[in-house]
Amino acid sequence: GVFQGSATRAPEPEGASEKRQAAAAEYARQVRRVMQAAEWPWPEDVVLDPAKQPRFVTSVDEFFYELQYGCHMDQVVVFPDGVRLLGQQDVVHPEIATALALGDDSARARNAYEVLERLERTGLLDAIKGKVTYQNHGASRREATAGGSANACMRGKWEALQRECPRDSRSSVYCAELRLLKSYPVENGLRSKRKSTLRRTMRECVHESGVDVRKMLFWDDFSEGFFVGGHLSGYDLHTDCIPTSNVGSVFSGHKLLAIWDAQDGTRRIMRDLRRELFVPPLGDDLLAGLGRACCIAMAPPGSVYIFSGTNAHAVCNVGFSSAADGATPERCLCVSSYEAFVGLHREHADVLVRTCNGADSDSDEDIVDFEEEVALNVRTCVRSMKESRQGQDEVAQDTVEHVLATSSRISRCYEEEVAREERALKSKRRRVAGDSRSSTSPSSSPGSDTSDDPAP
């Protein structure tokens with residue numbers, strides 16, 4: 001049955017360990033076949049280093065547990081075939097899906113530049129925003145940005161890209177963090193509106209499967225990011241600006257991801273190679289940097305993956321189709337999405353608190369907004385636990401108490417929300433009491449008002 005949100009992991013089904021071992025073996029076979037077709041953009045001895053391999057989950061229940069209660073610091077967790085098993089195959093925005101034409105070999109776009117050309121003809125570029133980058137081949141190992149680095153309307157980005165991007169760099173164009181410019185209403189019991197380009201977000205999917213997603217410290221599916229790029233497009237080395245994890249879905253192509261351990265590894269690699277692109281040709285410093293990664297994963301098409309954005313990470317898109325079932329890998333687009341979240345494991349809560357406490361709340365608006373949303377989520381989590389009929393969730397309770405005890409700003413926002421709720425409740429009670437008195441007053445009883453009656 002579907003995991004319902006209990007912090008106690010159910011007894012492992014018979015054969016679960018064997019399934020994970022089989023998934024790992026199949027992963028290694030597919031990686032070799034795809035990377036051989038791609039001519040190994042990252043070295044084989046690094047990508048297949050036994051000490052750097054991802055961790056696998058093979059069932060929906062295991063995946064849900066990882067989201068809510070698992071720890072994935074310094075790890076990448078891969079759920080092979082997760083998109084299909086979760087029913088997320090057809091969630092891409094219809095106009096974007098048409099422009100991608102993933103299921104039509106004769107019409108599918110070869111790169112993100114072609115996708116933007118097609119979206120321009122539909123008018124959708126005026127309705128979405130995001131970032132657009134490309135590689136100046138031979139000029140720099142850092143990405144060039146079209147229309148500036150800010151997340152902004154794609155119409156301006158496309159116009160800048162046409163002016164600025166050399167013809168031989170078009171295949172490297174990467175569209176990142178795409179979302180709608182304006183929010184639209186949704187009715188799912190979770191939020192009233194969102195900007196996501198997906199028909200159904202991962203958060204909504206998990207919620208509809210019976211998991212209480214309100215019982216999380218954070219989960220942003222309001223403005224989830226959508227990504228499109230060709231073979232060897234990439235995202236440079238960085239850490240996320242807010243201390244969250246990412247749950248990603250791969251709809252096409254392979255996502256080759258390296259992460260560095262959250263302590264010394266992240267500090268050193270960010271000092272040495274911050275904002276460098278890990279795409280071929282790799283210099284000696286990039287090769288050495290990859291050698292220091294704590295985990296390297298190549299999430300295959302149809303998979304779902306999880307990692308912490310507080311780990312320094314870099315992405316190289318491998319634009320080849322699946323090698324599953326002996327198939328020959330063919331060139332294709334890389335298409336994916338992600339949502340930021342923070343589960344209930346104590347280590348992820350600790351990272352959240354340390355990062356927020358170390359930030360300058362007077363100048364970092366992203367952290368301030370994040371802390372306020374975490375406080376609201378903690379309040380919702382407390383209410384959810386009180387309403388739950390599934391028994392006490394000691395892990396959730398412990399994590400909530402820990403966050404409130406160790407983050408003064410989140411605690412203050414939480415208390416302000418509690419006070420606001422209490423004021424609203426008192427106001428509602430006064431209105432109800434006033435309505436009750438009015439309904440029982442003699443002057444308001446039927447037939448009691450004789451002011452318009454003629455004098456006897």
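Distance between the modelled labels on Glu12 and Cys241, one decimal in nanometres: 4.1 nm (7 Å Cα→Cβ projection).
Along the stretch 217-230 the Karplus relation, 6.51 cos²θ - 1.76 cosθ + 1.60 evaluated at θ = phi - 60°, assigns HN-Hα couplings of 6, 6, 7, 9, 10, 5, 10, 3, x, 10, 10, 9, x, x Hz to successive residues, with x for each Gly and Pro.
Counting other Cβ atoms within 10 Å, keep those with at most 15, restrict to DSSP loop, and tell me which trypsin sites (Lys or Arg not before Pro) in the stretch 131-174 are left.
Values: sites: Lys131, Arg141, Arg142, Arg155, Lys157, Arg163, Arg167, Arg170; in loops: Arg141, Arg142.
Here the sparse-neighbourhood loop sites are Arg142.
Taking GluC sites (Glu not before Pro) in DSSP loop states with no more than 14 other Cβ atoms inside 10 Å as exposed sites, the chain has its longest site-free stretch at 40-186. Principal-axis analysis of the Cα atoms of the chain puts helix 16-37 at an angle of about 50° to the longest axis. Take Asn357, project a point 7 Å from its Cα along the Cβ direction, then tell me which residues of the stretch 367-407 have their backbone nitrogen under 12 Å from it. Within reach of a label on Asn357, which here means backbone N under 12 Å from a point 7 Å along Cα→Cβ, the stretch 367-407 contributes 402-407.
Mind checking the angle between helix 154-164 and the chain's longest principal axis? C-alpha axes, 0 to 90 degrees, to the nearest 10. It works out to around 20 degrees.
The angle between the Cα long axis of helix 346-358 and the longest principal axis of the Cα atoms of the chain comes to about 80 degrees, rounded to the nearest 10. Amide H to amide H, with H built 1.01 Å from N, Ser223 comes under 5 Å of Lys195, counting only residues 5 or more places away or on other chains. The stretch 256-281 and the stretch 39-60 have Cα centres spaced 17 Å apart. Rounded to the nearest whole Hz, the Karplus-based 3J(HN,Hα) values (6.51 cos²θ - 1.76 cosθ + 1.60, θ = phi - 60°) of the stretch 167-180 follow the sequence 4, 6, 9, 4, 5, 8, 4, 10, 9, 10, 6, 6, 7, 6, with x at glycine and proline. The charge dipole of the chain, taken about its Cα centre with unit charges on the Cβ of Lys, Arg, Asp and Glu (plus for the first two, minus for the last two), comes to roughly 560 debye. Centre-to-centre, using Cα atoms only, the stretch 329-346 and the stretch 86-142 are separated by 16 Å.
Once Lys and Arg get +1 and Asp and Glu get -1 on their Cβ, which of Val76, Leu116, Ser149 lies farthest toward the positive end of the dipole of the stretch 50-160? The Cα lying farthest towards the positive end belongs to Ser149.
Computed per residue of the chain from DSSP H runs no shorter than four, each worth -39500 (n - 2.57), the mean residue ellipticity at 222 nm is -12000 deg cm²/dmol. Taking each of Lys129/Lys215; Lys129/Lys255; Lys193/Lys426; Lys131/Lys157; Lys182/Lys255; Lys157/Lys193 in turn, the alpha-carbon distance tops 19 angstrom for Lys129/Lys215; Lys129/Lys255; Lys193/Lys426; Lys182/Lys255; Lys157/Lys193.
Extension gain for Gln263-Asp325 works out to 18.4 nm (0.36 nm per residue, less the C-alpha to C-alpha distance).
Backbone amide hydrogens, once placed in the peptide plane, bring Gly234 within less than 5 Å of Asn317, excluding anything fewer than 5 places away on its chain.
Need one word for the stretch 67-125: rounded, prolate or oblate. Basis is the Cα gyration tensor (sqrt eigenvalues a ≥ b ≥ c); a/c below 1.5 gives rounded, then a/b vs b/c decides. Prolate shape, in that a/c is at least 1.5 and a/b is the bigger ratio.
For Asp369 and Tyr184, FRET efficiency with R0 = 25 Å and r from the beta-carbon atoms, rounded to 0.05? Working from the Cβ atoms, E equals 0.75. Distances between placed amide hydrogens fall under 5 Å for Asp364 paired with no residue 5 or more residues away or on another chain.
Of the heavy-atom accessible surface of the chain (probe 1.4 angstrom), what whole percent is carbon and sulfur? About 47 percent, which is the carbon plus sulfur part of the accessible surface.
So, for the chain, what is the accessible surface per residue at a probe of 1.4 Å, expressed in square angstrom? Please list the in-between numbers first.
Numbers: 21260 Å² over 456 residues.
I get 47 Å² per residue for the chain.
The values are calculated or read from the model by the stated rules, or taken from the named source; none is laboratory data. Worth saying up front: this structure is predicted, and the values here are computed from it rather than measured. All Cβ positions, glycine included, derive from the backbone under ideal geometry; neighbour counts span all protein chains shown. We work out accessible area using only protein heavy atoms, side chains counted, and drop any ligands, DNA or RNA first. Shrake-Rupley method; radii C 1.70, N 1.55, O 1.52, S 1.80 Å.
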